[in-house]
Amino acid sequence: MPPTKRPIVTAATANGIKRRRAAGENVVRVGSGTGVGVGGAVRPAPVPSSSSFAAASASTTTATNQQLNDEFIRLLSNPQHKNKGIANSSLKSHFGSQYPALVPIINELTRTSRLTMSKLTSSKTGESEVYFSLLSVEEASKLRGLDASSKMVYQVIEAAGNKGIWTVDVRVQTNIQQATLTKIFKQLETRRLIKPIKAVTAKTKKLYMLYDLSPSKEITGGPWYSDYEFDHEFIAELRNFILMCIRRMNGGYGVGNGVTLKQIANKMIQANVSRIQLSLDEVSQVLQTLVLDYLVEQRGVTEGGGEALFVAAKPVTTMCDFEWWDVLSPDFHFRGIRFEDGVYLSAHEPHHHS
């Protein structure tokens, strides 16, 4: 049977189609979405593809990771975890079943130098545990570009604080060869992350501490040392001023009601006798040297406050009316002595022995 020819759409036929559309008969178009079919029948909605589910799942996972990241940073930013950091066991307890999801977060923060890890030994259990510490953006920028060994050395020096750490101890804790360690020290010094210092107890050895820290008094010797040498002249000036101050404020030797340590310290500040600001404890150290040399003595305490009162001691001379007498005790110059004939010499009164 010969194939039938397709009908030719004439203008009249086309007009008929237009009239049927105008009358309300719907025409189905292939490839359209949900709609109404011929005769007003509702067509079913298309089934979402597997790619749509994957996109939705990825979006949910990203939101969850962001929440974990924010919670992790908030936890480490807590002031109680600022210095020592937070233990790995505490992280497991805090995050529970979500703890494994922290691995990519920890890796990313470590990669950007925002996170440091250190191994500390617990004083209670004696076991070692990993601690995580969060660095600020400024601190992270300083460490950016350093390799793992350099970061490890930096963390060991940072943990030493303002007391510093010997180069030998750094090598023991990091287990890095001396040649490599020397290069790391130079690199960190060049970037102004650490600085070498010396201690008054061992001037030939080298200590390292963070660049922005000031050494402790145990390292520098405090105000009593200058360029790692004991400053005898400075201490002698302070002793002379304190002795003169006590004598004038009491009106002479061995007289007066006494002056307190705070009064002496205030006079030193007013006179500007020290090149550095001395604490009460440091002024007390100088004052005690005068007491031990029997140049100053304590005379009672203040009412209510209980502060010690000091006066200038009477000078000991060798003037005496006796030609000779036996020494009754090795410290007879500084204690009262009563002789067989009833004569009594109190401490600091002029007496002589032959």
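The values are calculated or read from the model by the stated rules, or taken from the named source; none is laboratory data. Worth saying up front: this structure is predicted, and the values here are computed from it rather than measured. Using ideal geometry, Cβ is built from the backbone for each residue, glycine included, and neighbour counts are taken over all protein chains shown. What goes into the accessible areas is simple: the full protein's heavy atoms, side chains included, and nothing from ligands, DNA or RNA. Shrake-Rupley method; radii C 1.70, N 1.55, O 1.52, S 1.80 Å.
Translational diffusion coefficient of the range 124-247 at 20 °C, 1.002 mPa s, Stokes-Einstein with Kirkwood Rh over Cα pairs, in µm²/s as a whole number.
The diffusion coefficient I find is 126 µm²/s.
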* Structure fact -> With every protein chain kept in place and a 1.4 Å probe, the range 249-289 has an accessible area per residue in Å² of 57
* Name the aspartates and glutamates eligible as straight-distance cross-link partners of LYS186: C-alpha to C-alpha under 15 Å, and not fewer than 8 places from it in the same chain. => ASP147
* To do: For LYS203, list the aspartates and glutamates whose Cα falls under 19 Å from its own Cα; do not include residues on the same chain fewer than 8 positions away.
  => ASP169, GLU218, ASP227, GLU229, ASP231
* To do: Note down the accessible area of MET244, probe 1.4 Å, to the nearest 10 Å².
  => 60
* According to a simple spin-label model (label point 7 Å from Cα along Cα-to-Cβ), what is the distance in nm between THR190 and ILE235? -> 4.3
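For a Förster distance of 22 Å, can you work out the FRET efficiency between the beta-carbons of SER284 and TRP166, rounded to the nearest 0.05? If you can, show how the numbers build up before the last one.
Details: r = 32 Å, r/R0 = 1.44.
Calculated transfer efficiency: 0.10.
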* Enter the accessible area per residue of the range 104-219 (Å², integer; probe 1.4 Å; all protein chains in place). => 60
* Accessible surface of TYR294 in the full protein assembly, 1.4 angstrom probe, to the nearest 10 Å²? -> 120
* Spatially proximal lysines relative to LYS84 (Cα-Cα < 19 Å; intrachain offsets below 8 disregarded) -> LYS92, LYS119, LYS124, LYS151, LYS163
* Asked: Ordering SER150, SER89, SER136 by how much accessible area each has at a 1.4 Å probe, largest first, what is the list?
  -> SER89, SER136, SER150
* Just round it to a whole percent: the fraction of Cα-Cα distances in the range 80-119 exceeding 14 Å. => 54
